[in-house]
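Notes for the one structure printed next.
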Amino acid sequence: MLTPPVAPESAADVVSANTLFAYDLYHTLQRDEQYADQNIFFSPYSISTAFALTYEGGAKGGTTADEIRSVFHFRK
């Protein structure tokens, strides 16, 4: 199976965006009273991958696409 080459800059961008999303989500959940005394476990990679597929399949110029791009730190 051949995989297309990935430019180092684009791989670094994906890692950086996923890290920013993970921190944002963790801090949002941490501040929620429902999770105050609970352990928090989630997979930011799985979440961002699912939304990346949604983003790519949807209208790129709409409000939803803008919101997904903003939350997940995707590049334009």
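Structure data summary
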read-out	value
Average accessible area per residue (Å²) across the chain - probe 1.4 Å, nucleic acids and ligands excluded	81 Å²
Ranked order, Ile68, Ile47 - accessible area, probe 1.4 Å, largest first	Ile47, Ile68
0 to 90° range, to nearest 10: angle between helix 63-72 axis and the chain longest Cα axis	70 degrees
Given (1) 46, 24, 22; (2) 34, 28, 20; (3) 46, 30, 21, the label whose value is Cα extents along the principal axes in Å derived from this model	(3)
Solvent exposure ordering (accessible area, 1.4 Å, most first) of Thr19, Thr63	Thr63, Thr19
Farthest toward positive dipole pole in the chain [+1 Lys/Arg, -1 Asp/Glu at C-beta], among Tyr35, Leu20, Ala52	Ala52
For the chain, size of Cβ-based charge dipole, Lys and Arg +1, Asp and Glu -1, in debye	280 debye
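The values are calculated or read from the model by the stated rules, or taken from the named source; none is laboratory data. For clarity, every value in this text was computed on a predicted model and none was experimentally measured. All Cβ positions, glycine included, derive from the backbone under ideal geometry; neighbour counts span all protein chains shown. The protein model used for the area step is the full one, side chains on, heavy atoms only, and it has no ligands, DNA or RNA in it. Shrake-Rupley method; radii C 1.70, N 1.55, O 1.52, S 1.80 Å.
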